[in-house]
Amino acid sequence: MKLVVLERTFSPELPVPMTFDRWMVVNHSLDDCLESRQVHWHNSLVSENGDRSICVFEVPAMELVRTACRQARMPFQRVWAAELWVDQALNNRPQGSSVIVAEVDYPQPVTRAVDEAAKQQAAGYFQNMNIQSLCSVVSLDGNHSICVFSAVSAEAVRSLYRTTNMPFQQIWKATLIRPH
């Protein structure tokens, strides 16, 4: 099975706050198309304002997600193959913290070793800003990633990226939705 990321934007925005039940209504037509193709939904990260989502699936073949979206007439921006780099389980975040997503395009492909070295170098900043890295979903070519953090705010993660001179495209607060 392969890990695949589906990126979507919503206009008009989805109703918020997003709940599991609301998310299942939004994706009802897609669910049937995915299930018939043996695509397993791993989780979704939905922006706090309802305009963006990142969905992670385990699939036999990446094209199955695109085909399912087209059959369900569900627009999407990008589908890409990935690997998961886990620092901590998504459900092991501190009380009162939020899930923050950083979308990153790299000028040079990132490797796990480069990622680990950057985190080690920034360890003091992580601690001072009370930010925990939970996981990263990294494209197989190393050019793009979705980094997931536990933090008080999206602005704290933006500050971390700016302070450490790391590139980012956008950083936003998310609701984590997973299968029951």
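General remarks:
- Residues being part of a helix (DSSP H, G or I) and crowded, with 17+ Cβ neighbours inside 10 Å - total across the range 97-125: 1
- Residues located in the range 22-56, provided they are outside any helix (DSSP H, G or I) and of a type in the set (A, V, I, L, M): V39, L45, V46, I54, V56
- Residue within the range 130-152 that is among the aromatic types (F, W, Y), farther than 30 Å from H40 by Cβ and without any contact (Cβ under 8 Å) to a residue 60 or more places away in the chain present: no
- Pair list, Cβ < 6 Å and 6+ apart or interchain, from the range 62-82 residues that are on the phi < 0 side of the Ramachandran plot to residues that are assigned to a loop (DSSP other than H, G, I, E, B): L64/R37; L64/V39; A68/R37; C69/F76; A81/M62; A81/L140
- Tally, over the range 154-180, of residues that are over 22 Å from T9 (Cβ atoms), touching a residue at least 12 places away in the same chain (Cβ under 8 Å) and surrounded by fewer than 20 Cβ atoms within 10 Å (Cβ to Cβ): 7
- Checking S36, S44 one by one, the residue that is in contact with a strand residue (DSSP E or B) (Cβ under 6 Å, 6 or more places away or on another chain) and assigned by TED's automatic domain parsing to the domain that holds E13 is S44 and no other.
- Here the range 30-40 is the region considered, the condition is being out of contact with any Asp or Glu (no Cβ under 8 Å at 6 or more places or on another chain) and surrounded by 14 or more Cβ atoms within 10 Å (Cβ to Cβ), and the residue that is farthest from L176 (Cα to Cα) is R37.
- Some residue of the range 81-94 being charged (D, E, K, R), surrounded by 13 or more Cβ atoms within 10 Å (Cβ to Cβ) and not in a strand (DSSP E or B): yes
The values are calculated or read from the model by the stated rules, or taken from the named source; none is laboratory data. What you see is a predicted model, and the numbers here were worked out from it, not measured in a lab. Virtual Cβ from ideal backbone geometry, glycine too; neighbours counted across all protein chains shown.
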